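Structure record follows, encoded as C-alpha cells.
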Amino acid sequence: MTRADSADDRSRLVVEHCRSQARACADLGSPLYAELLAQVADDVDGGGPAADLLAGYDGDVHADALGMRLMGGVHRLVLERQAPELATFYPSVGGTAGASGAWPVLRAVLVEHEAALRALLGQAPQTNEVGRASALVGGLHRLLAEVPGPIRLLEIGASAGLNLLADQFRIDAVDGTSVGPPDSPVVLANGWAGSTPATATIEVVQRLGCDLAPLDPRTTEGRLRLTSYVWPDQLARIERLRGALTLAAVHPVPVRRQGAADFLRDVQLETGRTTVLWHSVMWQYLPVEEQAAATGHIERLGRAATPDAPFAHLFMEPDRPIDWRDYRFGVRLRTWPGGMDRRLGTAAAHGLPTTWT
C-alpha cells in the first residue's frame with residue numbers, strides 16, 4: 001500500500017466516524033451536533049479545512065471519539081468568546097439561530113483557529129455526566145433497603161467527583177414523587193420511571209474517587225473543560241452540570257490521580273460501614289488488562305466481606321449495542337457476602353430516565 005492509499009483509507013475512516021457520530025447525536029437529541037458532524041464528514045470527504053485539521057490525528061479515530069474531541073474544542077472556543085459569530089448558533093451561550101446555518105461559520109472557525117483546535121484534539125473528551133446519578137442513587141436506595149447503615153462511597157473513573165455528591169441531588173420521578181434535598185441546585189427531572197425504588201436514609205461517611213486525569217471543579221479550567229464537552233444545545237444537561245459545580249465549590253471531594261486497579265488495590269473494608277464501589281460509563285474505556293486487574297480486586301473485596309463489613313458494586317454501563325437506536329445502559333448491583341448479582345433497571349445514555357424493573 002502506498003502512502004497515498006494509506007492517507008485515503010485514513011480519510012475514509014474519519015468520514016465514517018463523523019457520520020456515525022452525527023447519527024448518534026441526532027438519536028440522542030442534539031440537532032446542532034448532528035448537523036455539524038455530518039457537514040464535517042462531507043468536508044473531510046471533499047478535502048476541505050476539516051480534512052486538513054484532522055489529517056494529522058494519529059490515534060484511534062473511533063475509540064478516541066475524534067468527532068467529540070473536535071466538537072469539544074470548538075465549544076471551548078465559543079465559551080471563551082473566541083468565536084463570537086459561531087456563538088449565535090450555540091444555546092449554551094444564549095445563541096438562538098438554530099443549526100441549519102451554522103456550518104459555514106464553523107468552517108471559517110476551523111481555518112482561523114486551526115492551531116488551537118489541533119492542540120485541543122490531544123485532549124480526551126471528559127464529561128462528568130450528572131444525569132447518571134439518577135441510576136446510581138436509585139441503586140443505592142435499593143441497597144439500603146436491604147443493608148441499612150453508613151456508607152463509604154468510592155468511585156472509579158470519577159472525573160471531577162461530581163457524582164460522589166449524588167445523594168445531595170434532587171430526583172423527581174415520573175410518578176410525581178421526589179427524593180433528595182428539595183432545595184438542591186441539581187434537579188434530575190423525570191429521573192426515575194417504572195417501579196421506583198423505596199427510599200431510605202442515605203448517610204455517607206466517606207467519599208473518595210480516582211481518575212487518570214482528575215479535574216478540579218473549583219477551578220476555571222476544570223469548569224471550562226467539563227462544560228465544553230457537554231453538547232451545547234442540551235441546556236438541561238448544562239444546567240445540571242452548573243448545579244453540581246455549585247455543590248462541589250462548597251463540598252469538595254477528593255479524587256486521586258490513579259487508575260482503577262491501583263486505586264482498588266488500596267481499598268480495605270471497614271467494620272460497621274458498607275463499602276460501595278460505583279461507576280458509570282467508564283468500564284469500556286479501560287484496557288483489557290486493567291479491566292482484569294480491577295475485577296480481581298473487586299472479587300477480593302467480595303471474598304473479604306462479612307455481615308459487619310459488607311461490600312457492594314453498583315454500576316451503570318452499556319449493554320452490547322445493535323446500533324445507536326438500541327443502545328441501552330444496564331444498572332446492576334452486586335452485594336457481598338453472598339455475591340448476589342441483580343439487574344435493577346435500564347438507563348438512557350445520559351441517565352434520564354432510569355427505568356426500574
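The values are calculated or read from the model by the stated rules, or taken from the named source; none is laboratory data. Quantities reported herein were computed from a predicted structural model and do not represent experimental measurements. Glycine gets a Cβ as well: all are built from the backbone with ideal geometry, and neighbour counts include every protein chain shown. Each accessible area value is taken on the protein alone, full model and side chains, heavy atoms only, with ligands, DNA and RNA left out. Shrake-Rupley method; radii C 1.70, N 1.55, O 1.52, S 1.80 Å.
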Provide a single number: the residues in region 127-165 that are over 23 Å from Asp266 (Cβ atoms) and out of contact with any Pro (no Cβ under 6 Å at 6 or more places or on another chain). 14
Considering each residue of region 283-305, count those that are open to solvent by 20 Å² or more (accessible area, probe 1.4 Å) and either modelled with pLDDT of 95 or more or farther than 15 Å from Ile156 by Cα (or both), and give that number. 13
Under 8 Å between Cβ atoms, at least 6 apart or on separate chains: pull out the pairs that start in region 253-272 with a residue that is touching a residue at least 24 places away in the same chain (Cβ under 8 Å) and at positive phi and end on any residue that is of a type in the set (Phe, Trp, Tyr) and open to solvent by 30 Å² or more (accessible area, probe 1.4 Å). none
Out of everything in region 92-111 that is under 22 Å from Arg237 (Cα atoms) and touching a Pro at 6+ places or on another chain (Cβ under 6 Å), what residue ends up being modelled with the lowest pLDDT? Ala99
Filtering region 96-146 down to residues that are touching a Ser or Thr at 6+ places or on another chain (Cβ under 8 Å), surrounded by 16 or more Cβ atoms within 10 Å (Cβ to Cβ) and not hydrophobic (A, V, I, L, M, F, W, C) yields Gln126, Thr127, Asn128, Glu129, Arg132, Ser134, Gly138, His141
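I'm checking my understanding of the structure. Among residues of region 192-240 that are among the basic types (Lys, Arg) and out of contact with any His (no Cβ under 8 Å at 6 or more places or on another chain), which one is farthest from Glu35 (Cα to Cα)?
Result: Arg207.
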Considering only region 12-22, I want to know if a residue exists there that is out of contact with any Cys (no Cβ under 8 Å at 6 or more places or on another chain) and not in a helix (DSSP H, G or I). no
Quick check: anything in region 147-160 surrounded by 18 or more Cβ atoms within 10 Å (Cβ to Cβ), part of a helix (DSSP H, G or I) and either free of Cβ contacts under 8 Å to residues at least 40 places away in the same chain or aliphatic (A, V, I, L, M) (or both)? no
Do any strands (runs of 3 or more DSSP E) lying entirely in region 181-287 carry at least 1 residues that are touching a Lys or Arg at 6+ places or on another chain (Cβ under 7 Å) and within 24 Å of Thr355 (Cβ to Cβ), and which ones are they? 187-189, 274-280
Residue set Phe329, Phe263; condition under 30 Å from Ala26 (Cβ atoms), open to solvent by less than 60 Å² (accessible area, probe 1.4 Å) and of a type in the set (A, V, I, L, M, F, W, C); output residue Phe329
All but one of (1) under 30 Å from Arg328 (Cα atoms); (2) open to solvent by 40 Å² or more (accessible area, probe 1.4 Å) hold for Cys25, so report the exception by its number. (2)
Residue selected from region 79-94 under the condition among the small types (Gly, Ala, Ser) and open to solvent by 10 Å² or more (accessible area, probe 1.4 Å), by the criterion farthest from Leu120 (Cα to Cα): Gly94
Within region 11-22, tally of residues that are over 25 Å from the mean Cα position of the chain (by Cα) and crowded, with 16+ Cβ neighbours inside 10 Å: 1
Matching residues in region 35-78 - criterion: being open to solvent by 20 Å² or more (accessible area, probe 1.4 Å), touching a residue at least 60 places away in the same chain (Cβ under 8 Å) and over 14 Å from Ala124 (Cα atoms): Glu35, Gln39, Pro49, Asp52, Gly56
Quick check: anything in region 177-191 open to solvent by 60 Å² or more (accessible area, probe 1.4 Å) and either within 25 Å of Leu120 (Cβ to Cβ) or hydroxyl-bearing (Ser, Thr, Tyr) (or both)? yes
Give the residue, chosen from Arg242, Arg256, that is open to solvent by 10 Å² or more (accessible area, probe 1.4 Å), of a type in the set (Lys, Arg) and closer than 24 Å to Ile151 by Cβ. Arg256
